[in-house]
Structure formats: C-alpha cells, structure tokens
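Just below is one structure, and these are the notes that go with it.
A short reminder: the numbers here are calculations on the coordinates, not readings from a lab. Worth saying up front: this structure is predicted, and the values here are computed from it rather than measured. Cβ atoms come from the backbone with ideal geometry, glycine included; neighbour counts cover every protein chain shown.
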Amino acid sequence: MTGWADCRLCGTPLRQTFVDLGLSPLANSYLAAEELARGELFFPLHVYVCEQCLLVQLPMAATPEEIFSDYAYFSSFSDSWLEHARRYVDAAVERFALGRESRVVEIASNDGYLLQYFVERGIPVLGIEPAANVAAAAVERGIPTSVEFFGAEVGSRLALEQQADLVLGNNVLAHVPDVHDLVEGMRLLLKPEGAITMEFPHLLRLILERQFDTIYHEHYSYFSLLTVERLFGDHDLELFDVEELPTHGGSLRIYARHAGLGEPEGRLVTLREVERAHGLNELDAYLDFEEAARSVKRDLLAFLIAAREDGRSVAAYGAAAKGNTLLNYCGIRADLVDYVVDRSPHKQGRFLPGTRIPIGPPEQVLETRPDYLLILPWNLRDEIVEQMSAVREWGCRFVIPIPQVTVLD
C-alpha cells in the first residue's frame, strides 16, 4: 500500500481537498447507555482528490479491522434492498447461464441477504464477510460464509479449490483501502470466461446532488467510471458493461472480465462520454463540492432551528451511517432532533455516535407524534414514507435533507 497521504490508485501525494467535513466518529460505532459517560474517538473526515488520476479518497484514519470486525449493519432489514438483490440474482443467472455446476462468490456478503437467492436455485455459493457477528447470521440461514478480509492471498487460495464463474461485491469496493489487493484477488479467483460485477455509489451523482453524507470513514474511495476503469485495467481486467442504478442515491453496477474477450457494450461507451461532459476528467470539476456541502448544512440547520422556535418537534428515521455524517457535520444534537428510530433491533436502545441521539423502534413515532420526521437514509425515502404513512394522520410531515431540505406534502 501507499503512504497515508498518497493516492491509493496511482501513488501521487494527496494535496487537493475535495471536501473537509471536520472531525467525526466512526459512523457505525453506536453507543450503549453505559458508554455515554466516556469519551469517543473522532477522526478527520477530510477527503482529497488526486491531482493525477482524479480518484476521490479518504486517507485511512481507521483500519478495516477497527471498523468491520463487529458491524452494526445488517442488509436484510431493508425490504427494498432485498428486492434489489433478488432482481440482480434473477438477471445474473440468466445472463451468465449459472447452474448447479457453477460457483458464485460474494465479497462482503453481509448476512447472506443476496446469496440466499442463489441458494434457493441450487447454485453453489460462498460468502466472504469480515464481520463475525454478521457472518454468523448468514451461516444460520444456511449460507456458507468465510470470516476474513478478501484480497490477493484469499483469492489465490480459493482459486486452488475452484475458480468462480461469478465474483460479485455490492458496496465493498469503496470500503477497501488497498484496492489493488482487492482487484488482484478477484482476478485470481475468476475463471477464464467468468464475470465480475461490483456496485458502488457513483461519484457523478454524489457531486451533482450534493450527497456529502455518503462520505464516512468506512468509505475510503469514491469512484467515477473513469477511475474504476483505470483500476481494473491495472490488473488486466476490462469493463464490458455498466448499469446506472437508483440505489444509494445513484450507483453504478460494473461488469468486468479478463482482458481481450470482446467489445464493450454501448452504454459503457456512453457513460464515459457523460462523465467527460461533466468534466470528471479534469480537476476543476471537483473544486466546488465543499461549498455545496456547506450550503446543505446551513439550510438544514436553519430549518431545524426555525421548527424548534415555532414549538415544533422533530424526530428522525433511520440510524444510518450517512445520517451520522450529516448530523455530526451539521452539529445537530438532541436539542434539535429528539430521537431517531430504526427497524434493526441491533441498533435500538443504543445511541448515535458523536451526537448521542437515542435510537428507538419505529413504534416510538406513533407514541410521541412528532411534527416532522427527518428521513436520514433519504435513498430509501419511498420505502420509509410507505412504512410510516400513519404519521400523516396527525399532520406529521416527512423531511428530506439531501440535495436540499424538502418537506413532503
């Protein structure tokens, strides 16, 4: 790996700020009640853009072992994410002609939320998940899962057993500090005619829609199509297709294979040109984002302060990592947001890191009847509005913070 202040893609020293969000705790380090009497560790959330290869990145303030060994995020608690996974499996099985003789390996497989749909079809799978507590949930569901971090060494070892027809990873590429080790591991594991699919938030959407809350310490890198193509090309892998997805406020699903196997799909060529049209191949396109984040901060604080001064109560929905970035950067505490609710029992009864806002079950909203419900995981707004539609009975209104404060009628 390069030094802490060197680009993890090309090794160039990092000097140019993309956005500085101040100091923040680890986004998934939720607190138990007995921990409230102690201090917390805060780390710089200062993101740079490499002046040479234009990879947007966060220098490693905390190691993956510190972040992921005991993890609070379980994918299966989002209905829309489960449906997203099911649709992906249906499409992948058809596109890559997967069957009982195939092998599918998922990197960062979480609680088996996706691999379960391959298992239902009788397709052999293996999950790689570093968080032991989350992996245990997958094993209980009958999903073979290895508790370890994936890289070249693991990929080489697994390839000796059996190479994979399909290697996939959803929202893991951004979570790995040594991206070259990860991609080399996938190359070693992949069959000569196999395919890789990876999903990650699209940097273009992050910039255009001011999604600074997508930034937190477990996200080390923020990829455009142009930078991810360079990364895979460094390992003799080529992208042959790409999909633009609505997930996480706008994501890419890239398709990769060993180099030299054919021409790319047209939508890959088209998206390259879209990114260039928005200037993502030039440094200037990255220099105004910090002011965009500050604008969101000012607007949200103004709304919450005005609501309080008007005697209105505000609760939040979703103890999400992106919400923790938003609340900590904006300096929002329980004086402006009374509490947050979340469906995950792993978070209920705990407190948000940094802000220390208490986390309760969704039923708490029905009991306290707030005037506003701030949706922190705004990327799931439709799902949450439907789940919590009963709040409209007493006139409660939903509030979306990104890309600007929006109060839903």
Margin query: Quick check: residue separation of residue 51 and residue 404 times 0.36 nm, minus the Cα distance between them. What number comes out in nm?
Written below: 124.2 nm
Next item on the list: For an R0 of 35 angstrom, estimate the FRET efficiency from the Cβ-Cβ distance between residue 392 and residue 282 and round to the nearest 0.05.
Entry: 0.15
Next item on the list: Could you please report the charge total around residue 46, scoring K, R as +1 and D, E as -1 over all other residues with beta-carbon less than 11 angstrom from its beta-carbon?
Entry: -2
Margin query: Using a 7 Å offset from the Cα along the Cα-to-Cβ direction at both residue 230 and residue 382, what is the distance between the two label points in nm, to one decimal?
Written below: 3.5
Check: Quick one: putting +1 on the C-beta of Lys and Arg, -1 on the C-beta of Asp and Glu, what dipole do you get for the chain around its Cα centre, in Debye to the nearest 20?
Finding: 500
Next item on the list: Kindly provide the helix-only [θ] at 222 nm of the chain, computed as the sum of -39,500 (n - 2.57) over DSSP H runs of four or more divided by all residues, to the nearest 500 deg cm²/dmol?
Entry: -9000 deg cm²/dmol
Item checked: Net lengthening on full extension, residue 356/residue 10 (0.36 nm per residue, minus Cα-Cα) -> 120.7 nm
Next item on the list: State, to one decimal in nm, how far the label point of residue 335 lies from the label point of residue 368, with both points 7 Å from Cα in the Cβ direction.
Entry: 1.7
Next item on the list: Just the number, please: Stokes-Einstein D of the chain in µm²/s, Kirkwood Rh from C-alpha pairs, 37 °C, 0.692 mPa s.
Entry: 149
Next item on the list: Compute the length gained on full extension between residue 312 and residue 208: take 0.36 nm times their separation in residues and subtract their Cα-Cα distance, giving the result in nm to one decimal.
Entry: 34.3 nm
Next item on the list: Taking all pairs of distinct Cα atoms, average 1/r, flip it, and tell me the Kirkwood hydrodynamic radius of the stretch 68-278 in Å to one decimal place.
Entry: 17.3
Checklist line | Net charge, residue 278 excluded, C-beta distance under 13 Å - Lys, Arg +1, Asp, Glu -1 | finding: -3
Notebook entry, point to check: Distance in nm between label sites at residue 269 and residue 305, each 7 Å beyond Cα in the beta-carbon direction?
Noted result: 5.3
Note to self: Taking the 0 to 90 degree range and rounding to the nearest ten, how far is the long axis of helix 79-95 tilted relative to the main principal axis of the chain, both from C-alpha atoms?
What the structure shows: 10
